[in-house]
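Undergrad: For reference, the structure I am asking about is given below.
Here, each number is a calculation from the coordinates, and none is a lab measurement. The shown structure was predicted, so the numbers you read here are calculated from the model rather than taken from an experiment. Positions of Cβ are generated from backbone atoms using ideal geometry, with glycine treated the same way; all protein chains shown enter the neighbour counts.
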Amino acid sequence: MQIVELEMVPLSLRPVLQRLYDMKTTQSALREGVLFSTKRNNYYYDTGTGKVIVLDDDTSYIFRVLFDPTLSAETFLISLTKVDPNAVKNLLQTIDAERLFQRPPLLSMGKEIAAGVTDTEQKVEQIILEVTEQCNFRCKYCVYSEDFSGNRDFGNRRMPTEIAFKAIDWALENSGAKLAITFYGGEPLLNFKLMKAVIERSQAKRGNKEIVYSFTSNMSLMTREIATYLAQVPNLYIMASIDGPRTVHDAYRVYANDAPTFEDSIGGLRILADAYAGSHMPVNINAVLTPPFGFEKLEQVNAYFESLDWLPATGGGSVLHYILPWITLSAAMAAQMIRMTRSTMLEVIRADYVQTAKAKGAKPMRIVMIHELRNALLPMVTVVGIILGQTLGGAIVTETIFALPGVGTYLLQGIFKYDMPVVMIGVLFIAAVIGVINLLIDILYIYIDPRLRSQIVK
């Protein structure tokens, strides 16, 4: 159907609707995106780019029309002519700007890896090896379970070693300075032998390339032998799938015979944590929030993992976890304050009242603390407000390095996601903190300098 030929459609809108119609008929949008809603907003998750787009009412309606497979061409056209033409045009601009509905270039890999491919415009950045289709769990929310028709189910196939080696060799040859290798399943540890072989082969043939490894596991098959080996692999990132305490975890994560899995999963995580003790590589935890939803359950899950004293937390936990962040944030401020103190003290020690105190025989410590330092505090306190404002702005770097999510990280995520309420709240909070700090500094002036106090209190 050629929408551009329909007289009922405004001339300026015909090319726009034609593009949307082409997207719909090629089914690319249906395969690449997911619509979902919360109490606040409607969203579109683009699986090709990993981006989440906030939708207004018009755009949400357009997406629903676009994703409805039952609509005929005429119904599709009529439905889109009901919305604001600018909304349609803005949507297309967003699609182009954010590269929605676009998949990364894929090369066919069967028995002959990248057959006939001699040149690629883009360097390979990541290769995902589905080492096995097998899984020892039957999680009730898993997309491969019988509850989700139309998806791949659990099979018994495992990737042959020769295919994995060909894929790795091809990826190393066609990648840039850095290559990410991800092991996928099923449960990858069911084919740990192949994972180990791939790691050793890629390390032997990597040359000057940096290789990053990653995989997600339910941890039930983790042994001390496997954990010890993984701990010495460079640039290996592990995601442990554990949903929380026993009652939460076992409600959805079970074996094929419906037996609970918590003890095996948490036991495997404990083994891995012991092997990783002292390592700089993180072990992340992926917890799926299951019904009933609510902040209470989220806090319950978070509190459980924080209660595991054997689980090395990055950031949270005891006060000891905050020593290095405190030093990082305060070091620059301390350097400025020390220099400011020295400069002001050099001026104060030559003042007449200091010389008078010395002539009257005052003790050196009293001269320093009462006559010199106290009078030098005013310019120092003035600078504190400015320095603290700078510290708040730079705290996001510290939050990122030490994995201590705070206001800075929250604000930055809001900026990247175009979440204006979050941005406004973050900015207002920081502004309020700086305002309160400066108010406290003004109050301190009164207590530091008796002359100011005498002018106010009469």
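Undergrad: Return the aspartates and glutamates within reach of K166: Cα separation strictly under 18 angstrom, same-chain partners fewer than 8 residues apart disregarded; answer none if there are no such residues.
TA: Here the aspartates and glutamates satisfying the reach criterion relative to K166 are E112, D119, E125, E130, E200.
Undergrad: Taking a threshold of 22 Å on the Cα-Cα distance, which of the pairs K140/K196; K51/K89; K140/K193 fall above it?
TA: Among K140/K196; K51/K89; K140/K193, the Cα-Cα distance tops 22 Å for K140/K196; K140/K193.
Undergrad: Residues with beta-carbon under 11 Å from that of D84, excluding D84: net charge, scoring Lys, Arg +1 and Asp, Glu -1?
TA: Result for the local shell: -1.
Undergrad: Let me ask you something else. Using only the alpha-carbon atoms, what does the stretch 321-456 span along each of its principal axes? Please give whole angstrom values in decreasing order.
TA: Computed over the Cα atoms, the extents are 66, 36, 22 Å.
Undergrad: Sequence neighbours fewer than 8 away in the same chain don't count; with that in mind, list the aspartates and glutamates whose C-alpha is under 18 Å from K82.
TA: Within the straight-line cut-off, K82 pairs with E7, D56, D57, D58, D68, E74.
Undergrad: I'd like the FRET efficiency for V433 and M369, computed as 1/(1 + (r/R0)^6) with the beta carbon distance as r and R0 of 25 Å, rounded to 0.05.
TA: According to the calculation, E is roughly 0.25.
Undergrad: Also, quick follow-up: Run the reach check for K123 against aspartates and glutamates, Cα to Cα strictly under 15 Å, same-chain hits fewer than 8 apart removed. What comes back?
TA: Partners found: D169, E173, E210.
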